[in-house]
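Have a look at the structure below before the remarks.
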Amino acid sequence: MRLTALALGFAAISGSAQADPFEDFGTSMKYGLPLAAAVCAVDQDRFEDFAIRGAAQAVIVLGLKALFDGSDIGMRPSGEGRGFPSGHSAAAGFGAGDLASKCFDDEPALGAVAYGAAGLTAASRVHAGEHTPAQVLAGSLIGISFGAASFGFGGEGASFDIGLRF
C-alpha cells in the first residue's frame with residue numbers, strides 16, 4: 001500500500017504551472033488513480049485482470065466516442081465532437097474503483113478519498129468546458145464499473161465490489 005500511496009501522491013503534485021489548478025488536478029488524477037491502482041495490482045499479483053479490465057474500459061470509451069461523434073450527446077460544450085463519454089472521468093473512475101474495492105478494502109475512508117478524487121476529476125472536466133455533466137457521469141459510471149469488477153483472469157473468480165461499507 002505504501003507504493004500505491006507514493007504513486008498517487010506523485011501524480012497529484014505533477015502538473016503544468018500555467019494551467020488552471022483544478023483542471024491540472026483532474027488531468028493528474030486521470031493518470032494518477034489508474035497508476036496507483038496498477039502498482040497495487042502488481043503488488044497483489046493480479047495485474048493480468050487489471051490490465052484486461054483497463055483495456056476493455058478504454059475500448060468501450062473510445063468506441064462510444066466514435067459511435068456518438070457528430071450526435072447531440074457527443075458534442076462538447078465547445079462544439080467539438082467526441083465528447084461522449086468523458087475519457088478523463090472514465091480513467092479516474094476506473095482507478096478509484098479498483099483502489100477502493102481491492103487495495104483499500106479494509107480502509108473504506110481511503111476508498112472514499114479515491115472516489116472523491118475521481119468525482120473532482122469529473123467536475124474539473126465540466127469546469128474546463130470540455131464536457132457536459134451527462135458526459136462525465138457516463139464516463140465515471142463506465143470507469144467505476146470496470147474498476148470495481150474482477151473478471152477472474154489470473155486469480156479467483158469474477159466479482160463486483162465497490163469497496164465502501166457503511
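All of the numbers you see were taken from the coordinates with simple rules; none came from a lab. This is a predicted model, so every value here is computed, not measured. Every residue, glycine among them, receives a Cβ derived from its backbone with ideal geometry; neighbour counts consider all protein chains shown.
Defining a contact as two alpha carbons under 8 Å apart and six or more residues distant in sequence, what relative contact order in percent does segment 41-107 show?
Reported as a whole number, the value is 24 percent.
Helix 2-13 versus the longest principal axis of the chain: what is the Cα-based angle in degrees, 0 to 90, to the nearest 10?
Around 20 degrees separate the two axes.
Compute the FRET efficiency between A19 and F151 as 1/(1 + (r/R0)^6), taking r as their Cβ-Cβ distance and R0 = 25 Å, and round to the nearest 0.05.
That pair, A19 with F151, gives E of 0.10.
By how many degrees, between 0 and 90 and to the nearest 10, does the Cα long axis of helix 87-98 differ from the longest principal axis of the chain?
Helix 87-98 and the main axis of the chain meet at about 20 degrees.
Work out, step by step, the length gained on full extension between A55 and F160: first 0.36 nm times the residue separation, then minus their alpha carbon distance; give nm to one decimal.
36.1 nm
Sorted by packing (mean other beta-carbon atoms within 10 Å per residue), highest first, where do 111-121, 42-52 land?
111-121, 42-52
Work the Kirkwood hydrodynamic radius out for the chain: mean of 1/r over every pair of different alpha-carbon atoms, inverted, in Å.
Computed over the chain, the radius equals 15.7 Å.
Determine, from the Cβ-Cβ distance of H127 and I73 and an R0 of 25 Å, the FRET efficiency 1/(1 + (r/R0)^6), rounded to the nearest 0.05.
FRET efficiency, H127 to I73: 0.80.
For the chain, what does the helix formula give at 222 nm: sum of -39500 (n - 2.57) over DSSP H segments with n ≥ 4, over the residue count, nearest 500 deg cm²/dmol?
-21500 deg cm²/dmol, from helical runs alone.
Could you go through segment 57-63 in sequence order and give the Karplus-derived ³J(HN,Hα) for each residue, using 6.51 cos²θ - 1.76 cosθ + 1.60 with θ = phi - 60°, rounded to whole Hz, and x for Gly and Pro?
4, 5, 5, 5, 4, 5, x
With unit charges on the beta carbons (Lys and Arg positive, Asp and Glu negative) and the dipole taken about the Cα centre of the chain, which residue among G79, S124, A92 sits farthest to the positive side?
Towards the positive end, the residue furthest out is G79.
State, as an integer percentage, the relative contact order of segment 12-163 based on alpha-carbon contacts under 8 Å between residues 6 or more apart.
This gives 29 percent for segment 12-163.
Working from Cα positions, state the angle (0 to 90°, nearest 10) between the long axis of helix 108-127 and the longest principal axis of the chain.
With both axes taken from Cα atoms, the answer is about 10 degrees.
What list do you get for D72, D20, D98, D106 if you sort them by fewest beta carbons within 10 Å?
Lowest count first: D72, D106, D20, D98.
Only four residue types carry charge here, +1 at the Cβ of Lys and Arg and -1 at the Cβ of Asp and Glu. Report the dipole size of the chain about the Cα centre in Debye, rounded to the nearest 20.
200 debye
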